[in-house]
Structure formats: C-alpha cells, structure tokens
Amino acid sequence: MEKFNTGKHISGQFNQELETVRNQVMTMGGLVEQQLTDALASVSENNEDLAQKVLTSDYKINSLEVSIDEECTRIIAKRQPAASDLRLIMAIIKTIADLERIGDEAEKISKVTLEHFPGKKHDFLLNLENLGRLVLSTLHDTLDAFARMDFDAAVKVHQNDDRIDREYEAMMRQLMTYMMEDPRSIPSIMSVIWSARALERIGDRCQNICEYVIYFVKGKVVRHISEQDMHELKS
C-alpha cells in the first residue's frame, strides 16, 4: 500500500510513530479481510473446519485493536497533536473499532456453515455468497481508500453502499417466502438471516470508515449529509 501524506514534523520520531500506527491499522485490516474471506469460503465450500478457524481466530484482531488504541492514546498524551494530525489519530481510533466489529460479524457468517441443510445447495445460500462477494469487494476497496487516504475513492465506496442494501433487502424477501412455504426450515433459515444481516452491517461499517477518510482529508463530518452535499464537497 502507498504511504499517505501526513505532513512532516520537526520530530522525526513523531513521523515514525504515526507511520507505525498506520501500518498496524493496515495489518489489522488485512486480518479482518482474511477473516471475512474465510467465513464466506466456509459457506461456499461447506467447510466446517474453516468455519471453526474463523470462530477461534478473532483474538488476533481484538488484540491489535487494544494495542493500536493504547498507542493512539499515548501519542495524544505525549505529542498533543493538532489539526490534520489530530484528525488522523481520531480517524484511526474510530476505524479500528469498526474493523473489530467487522471481525465479529464475520464470525456470525461462519456459523451458517455449521447448519446442516438437507438436500442440494439451496438458492438462498447461493444468494448469500453473491452478497458476500459484493461486501468483500467493498471492504477491500475501503481498506485501499484508507491506506492511501484517497478522498475520491472513499466517496465512491460510500455511495456504493446502496447496492449492498438492495441485495440484502431482496434476499430477506426471498428468505421470508421460503419460511412461509416450509415452516420446518425456520430454525436453519434464521442462521442465514443473521448472516445476511451481518453482511449488511459490514457494508455499513465500510461506509463509516470511508467517512473517517473524508473527515481526515477535508476536515468535514459527513455522517448525515445528503448526496448533493457530498458531491459539492468533491468540487
């Protein structure tokens, strides 16, 4: 990943501290992306061992979140950053919280593998895989935007969240219909519903991270602004 420009400081040590924290965030992001990849693969391959791996490896992500949060707190206390440096630290603190929660959602997705669906592979599992690929691509693009602190890329990913929402809503309608047609399927289908919901939430977390990138670059909080206002911010 490319280095983003945080500016140069009189203290070379401060520059190194910021770069170290940034690298730790990207390491955490890589682990989270792999966690989601494994969770989705466990579903598509019906691989229970891979699902169990996802369920037992979350501690690495949690440990990194704690470590990065502590380092950011130390930097704030020691360096008293201002302006873009402070925005960067705040963006990092918020990003790692969302990354940790994405890891938690990946665990929920892997649990669908442990359900035993009778007969051939159901359409709703295929649709879950399709939604999963879309979300995984969104997560990858989000991490890339963060790595480069790329404003335009962050805005593009942020606006693409509607695609995830539409896919999720269509899948939920399908699952509800399936349960009405076969009430015996309800316990198993509920696991799929929670997995689809987890994917939709990951999309929301990616949108959050993109907002932090925009905040760092522009110094603007864009949580509740309209698409028109977002477009004007680009100009």
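Numbers below:
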{"item": "Boolean, Met90 is among the aliphatic types (A, V, I, L, M), touching a residue at least 40 places away in the same chain (Cβ under 8 Å) and surrounded by fewer than 18 Cβ atoms within 10 Å (Cβ to Cβ)", "result": "yes"}
{"item": "Tally of residues being within 21 Å of Ser137 (Cβ to Cβ) and free of Cβ contacts under 8 Å to residues at least 60 places away in the same chain across the range 37-81", "result": "4"}
{"item": "Complete set of residues in the range 67-101 that are in contact with a Lys or Arg (Cβ under 7 Å, 6 or more places away or on another chain) and more than 19 Å from Val221 (Cβ to Cβ)", "result": "Arg101"}
{"item": "Residue ID - surrounded by the fewest Cβ atoms within 10 Å (Cβ to Cβ), chosen from residues in the range 168-193 that are touching a helix residue (DSSP H, G or I) at 6+ places or on another chain (Cβ under 6 Å) and among the hydrophobic types (A, V, I, L, M, F, W, C)", "result": "Ile186"}
{"item": "Asp38 farther than 23 Å from Asn127 by Cβ, surrounded by fewer than 21 Cβ atoms within 10 Å (Cβ to Cβ) and of a type in the set (Asp, Glu)", "result": "no"}
{"item": "Only listed residue being of a type in the set (D, E, K, R), crowded, with 18+ Cβ neighbours inside 10 Å, more than 18 Å from Leu40 (Cα to Cα) and touching a residue at least 40 places away in the same chain (Cβ under 8 Å), chosen from Asp144, Asp150", "result": "Asp150"}
{"item": "Counted residues, the range 148-187 - those being closer than 30 Å to Asn23 by Cβ, assigned to a helix (DSSP H, G or I), modelled with pLDDT of 90 or more and among the acidic types (Asp, Glu)", "result": "1"}
{"item": "So Asn46, is it of a type outside the set (Asp, Glu) and within 27 Å of Lys220 (Cα to Cα)", "result": "no"}
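The values are calculated or read from the model by the stated rules, or taken from the named source; none is laboratory data. Since this is a predicted model, take the numbers as computed values, not measurements. No Cβ is skipped: glycine too gets one built from the backbone with ideal geometry, and neighbour counts run over all protein chains shown.
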